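Novice: Here you go, one structure.
The values are calculated or read from the model by the stated rules, or taken from the named source; none is laboratory data. These numbers were taken from a predicted model, which means no experiment stands behind them. All Cβ positions, even for glycine, are placed from backbone atoms using ideal geometry, and neighbour counts span all protein chains on display. These area figures cover heavy atoms from the full protein model, side chains too; ligands, DNA and RNA do not enter into them. Shrake-Rupley method; radii C 1.70, N 1.55, O 1.52, S 1.80 Å.
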Amino acid sequence: MSQSDSFIDEVTEEVRREKLFTNMKRYGWIAVVLVLAIVAGAAWYEYSRSQNEAKAEAFGDSVLTALEQGEPAERATALGAIDGTTPQGEATKGLLEAAELASSGDQMAAVAVLNSISENMELPVLYRSIAQFRALALQSDTLTPAERRDGYDGLAGAGSPLRLLAMEQIAVTYVEEGDRDEALSRLNSLMDEAGASADLLRRVSQLIVSLGGTLGETSN
């Protein structure tokens, strides 16, 4: 290699180093910011987790304190004043509040609370289904069997968490209407449903017998 070539290589290498140092000076702060962001993110995660745990504990304590009140109406009022902090917390509080309102005799207020839960699309389907099921049960004296059946039909679809309980109540609405054959058909089909609990099967069996039917028989 000639001296001129060697000199050119040295100059080229020096230029590269200068560019590297220049770029480090110009963009090195990005790496620093990224490191700080990672550290800050980890710190925020730990802070948020501790805050969420504290809120959950405070919510639980508030609910327990409310449930220690003397009368159902007092418990309902205390529960209604609690901040659920999350949609699920609000739903849990609401279900408890509705139960106390129903115990106090204020069915309309209980149904209103339950309907607000069942219509909240931010909630998981289980919360909404429980609220709708309970609201229908509380309206047994104000809704016709057919009206309640329409509501239970929406809860009896495939994949519904309360499918079997809703099917049982649909059969009961036919009993209330005096449609013995349809009630027996619904009840016996329920006996074949996978996942039916022992308590549910016992209730269904007893209802079939009380209607004068035979297990496994769909109509008379």
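Novice: Computing the accessible area with a 1.4 Å probe over protein heavy atoms, can you report the carbon and sulfur percentage for the stretch 112-205?
Specialist: Working: 2370 of 4730 Å².
With neighbouring chains kept in place, the figure for the stretch 112-205 is 50 percent.
Novice: Could I ask something else about it? Suppose R0 equals 22 Å; then what is the FRET efficiency for Gln88 and Ala54 from their Cβ-Cβ distance, rounded to the nearest 0.05? Before the final figure, lay out each step's value.
Specialist: Working: r = 17 Å, r/R0 = 0.77.
Efficiency at R0 = 22 Å is approximately 0.85.
Novice: Once a ≥ b ≥ c are taken as the square roots of the eigenvalues of the Cα gyration tensor of the stretch 87-152, is the result rounded (a/c under 1.5), prolate (a/b larger than b/c) or oblate (a/b not larger than b/c)?
Specialist: On the way: a/c = 2.69, a/b = 1.25, b/c = 2.14.
It comes out oblate by the Cα gyration axes.
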